[in-house]
Every structure is written in C-alpha cells, then in structure tokens.
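Chemist: Sharing a structure, written as structure tokens. Questions coming.
The values are calculated or read from the model by the stated rules, or taken from the named source; none is laboratory data. Remember, predicted model here, so these are calculated numbers, not experimental data. Positions of Cβ are backbone-derived with ideal geometry, glycine not excepted, and every protein chain shown enters the neighbour counts. Just the protein is used for accessible areas: all its heavy atoms, side chains included, with ligands, DNA and RNA removed. Shrake-Rupley method; radii C 1.70, N 1.55, O 1.52, S 1.80 Å.
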Amino acid sequence: MHPFVLAIASIAGMIFMIRMDNSFMTIPYCTGIFVFVASLSFVLSGRARFSILLAWILIGFLTIVSAIKYRMKGFSLHFYDFVVMAKDLDIATFLLDSYPLLALPVLAIGILAVAGAVL
C-alpha cells in the first residue's frame, strides 16, 4: 500500500471515529486502543503499513458493531467487551442463536477483514 493511500485511509478513519463516537471524552480512549493494536501487530509482524491498516480495520469493525448494539440495547460495545466476548463461547452461542441475522454478517465481515489484512 502506498504511503499516500495509507495517510488518506488514516484521515478517513479518524473522521469516522470522531463522527461515530458518542462523546469527545472517549476519543483519547479510542485513539489509545488504535495505538495499542497497531503497536502490538507491528511487534508481531514487523510491518508498519500492515499494522496501521489492521488497527483501522479493527476499529472500524468494532465501531460498526458498537453502533448496532447501541441502537438495539441503548449502550455501546467497548474494546474490553470484545476481549471478554472473544474468550467466552457461551456469549458467541447466545448471539448466534438469538441474533443470527446480525451476528452472522458481523462474523463474516470480521473474518473477511482479517483475511484481507493478512493477504
């Protein structure tokens, strides 16, 4: 990926994050999560552009899921929710059983996003 394209994607990601967030008070938190994911993936892969892109994909994915959750339940998904849910198979089973029309597309998008980032 050309650095110019990555810069444009990052600017779009920042605008998306600011517009989708419920409060400007949580922007530093979201930015910290982005930096953490990008740093961790950089340490593991050694590829800066990949790490930045992967972090934006994850932030975008969590933002979309959070917006859906907020509209359905009145509260947002946070990064620690994602970490807890990723470990708990009971929650995944509940979501797939109770909300298959929402859970399956989100799962498919997540898998495709990670596969696309790795490719």
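Chemist: Exactly which trypsin sites (Lys or Arg not before Pro) in the range 5-70 are in a DSSP loop and have at most 16 other Cβ atoms within 10 Å?
Modeler: Passing both the DSSP loop test and the Cβ count: ARG47.
Chemist: Rounded to the nearest 10 Å², what accessible area does PHE24 have for a 1.4 Å probe in the complete protein model?
Modeler: That residue has around 150 Å² of solvent-accessible surface.
Chemist: Simple spin-label model, 7 Å along Cα-to-Cβ: PHE4 to ALA92 in nm?
Modeler: Spacing of the two 7 Å Cα→Cβ label points: 4.2 nm.
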